[in-house]
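Notes follow the structure.
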Amino acid sequence: MSDLIALTEGDGLIEISAPSADRYAALKLIDWWDQAKLRNARVMVVGAGALGNEVLKNLALLGVGHILLADFDSVEAANLSRSVLYRAEDSGKRKVDVAAARLREINPDVRVATFHGDVTQALGQGVYRRVDVVIGCLDNRAARLAVNRACWRYGVAWIDGAIEVLMGIARVFVPDQGACYECTMTEADYDLVNVRYRCPLLRPEDLQDGRQPTTPTSASIVAAWQVQEAVKLLHGMAVPAGKGIYVNGHTYSTSLLTYTEREDCFSHNQGRALVTELPLRAADLTVGGFYAAIAPLLAAEGAQKAALLPELEIVSRFYCPTCEVTTPVYRPYDAVMPDGATCPTCGVPRLPSILSRLALSAESPAAAVPLAQLGVPPLAVLQVAATLQGAECIFWFELSADADAQFAAWSR
Ligand SMILES: [Zn+2]
Ligand SMILES: [Zn+2]
């Protein structure tokens, strides 16, 4: 079928664009639809499994212009029954790379930036400040909790999805509008999160949380709800904040769940981050270099006694009781324990000193330590505690020069 319709008018020929030339023509028939809003939108999708595939496919079909896809996994044969974006020959490749390439095939209007790694620890939180909405396609509570805390800290709405066999749930969480994901967590949920944090070496299949049996049909159903709510959010329409839709495929029924805000919820009580952008990169920076950059800013505020609050617990040094030797370490606890504790001289386990705050000063013994060694990722937002008028305050500093590299695919 031709993309042009020819109409004769008198002697001349008028050519007008036919609907078939515009891939969004059918969507634009919706009276409230604004394709430009979707083209300009920035959506982060966390997880590229069964749910993520369906969410990404829908976002690409709809012409959502800027996607940031975060996932740590690689394609394997077991994904092929539930993942429209993967092929057998993709086995072993990173999911984010394969998915990004397939989305560009589906719709060349879509620009896909990627992050390959663990979203709970290795994703610089500055990404949350650069997206309009986050769609969670996760299989475990620890990652959901991390996404929720970041979304609340930076004021970004997020839409969680979960599936198990013929059942599924899609939930919308909007900062300052009712309950968040953490409000819905029970003591048992926190216990499962702690197992994941305390036992980083456990294989995902050995954890009770995650690896649920899933189908492409339940993934389609839940992902469709998630993307539909995202489209409404991007259009500024009302969404069911703090609510979830539960789909039961056995009984062919749905129910609307309303969650209650919990007074002791950490996500709710942590406060909104007021971020200062620094034109610096994580990879180039030492603790001392970071302090040199922020010291004049803190001084201008009248803030004193600054300390870096690392996201991860840091082992500052090992002490060997046999050799009576102290060795500086300055690495994340999970990165060095337990194997790294063995004394290279005598072979006994050394005692770690663990820091949850790192005093910042010109004479800091950690001044020469690279931030990357402390587990600080690119585009991190670093928390600094300092005393201001007798009270301890938190200052937030983003390593903003990393944004160009993270989002390079968006400007191509
Ligand atoms: Zn909450
Ligand atoms: Zn020793």
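Going through (1) surrounded by fewer than 17 Cβ atoms within 10 Å (Cβ to Cβ); (2) over 24 Å from VAL376 (Cβ atoms) one by one, LYS95 falls short only on (1).
The residue that is surrounded by the fewest Cβ atoms within 10 Å (Cβ to Cβ), counting only those in the range 145-177 that are in a loop (DSSP other than H, G, I, E, B) and within 15 Å of ligand 1 (Cβ to nearest atom), is ASP176. Return the residue satisfying two criteria in turn: it lies in the range 297-327 and is β-branched (Val, Ile, Thr) and buried (at least 17 other Cβ atoms within 10 Å of the Cβ), and of such residues it is nearest to ALA122 (Cα to Cα). Looking at the filtered set, the residue picked out is ILE314.
Taking the range 339-361 as the range and being part of a loop (DSSP other than H, G, I, E, B) and over 26 Å from GLY124 (Cα atoms) as the test, the residues that pass are CYS343, PRO344, THR345, CYS346, GLY347, VAL348, ARG350.
Yes or no: the range 362-370 includes at least one residue that is assigned by TED's automatic domain parsing to the domain that holds LEU297, away from ligand 1 (no atom under 16 Å from the Cβ), surrounded by 14 or more Cβ atoms within 10 Å (Cβ to Cβ) and without any contact (Cβ under 8 Å) to a residue 24 or more places away in the chain. No, because not a single residue in the range 362-370 is assigned by TED's automatic domain parsing to the domain that holds LEU297, away from ligand 1 (no atom under 16 Å from the Cβ), surrounded by 14 or more Cβ atoms within 10 Å (Cβ to Cβ) and without any contact (Cβ under 8 Å) to a residue 24 or more places away in the chain. In the range 264-282, of all residues being in contact with a strand residue (DSSP E or B) (Cβ under 6 Å, 6 or more places away or on another chain) and of a type in the set (Gly, Ala, Ser), the one that is farthest from SER400 (Cα to Cα) corresponds to ALA273. The condition of being aliphatic (A, V, I, L, M), at negative phi, more than 16 Å from ligand 1 (Cβ to nearest atom) and in the same structural domain as ALA391 (by TED's automatic domain parsing) holds for only one of LEU309, LEU256, that being LEU309. Scanning the range 204-237 for residues that are out of contact with any helix residue (DSSP H, G or I) (no Cβ under 7 Å at 6 or more places or on another chain), at pLDDT 95 or above and part of a loop (DSSP other than H, G, I, E, B) yields GLY236, MET237. Can you name the residue in the range 254-266 that is over 29 Å from SER218 (Cα atoms) and surrounded by 13 or more Cβ atoms within 10 Å (Cβ to Cβ) and, of all such residues, is nearest to ligand 2 (Cβ to nearest atom)? It comes out as PHE266. Candidates LEU278, LEU274: the one that is more than 16 Å from ligand 2 (Cβ to nearest atom), surrounded by fewer than 17 Cβ atoms within 10 Å (Cβ to Cβ) and within 24 Å of the chain's Cα centre (by Cα) is LEU274.
The values are calculated or read from the model by the stated rules, or taken from the named source; none is laboratory data. Because the structure is a prediction, the values reported are computed rather than measured. Neighbour counts are summed over all protein chains in view; Cβ atoms, including those assigned to glycine, are modelled from backbone coordinates with ideal geometry.
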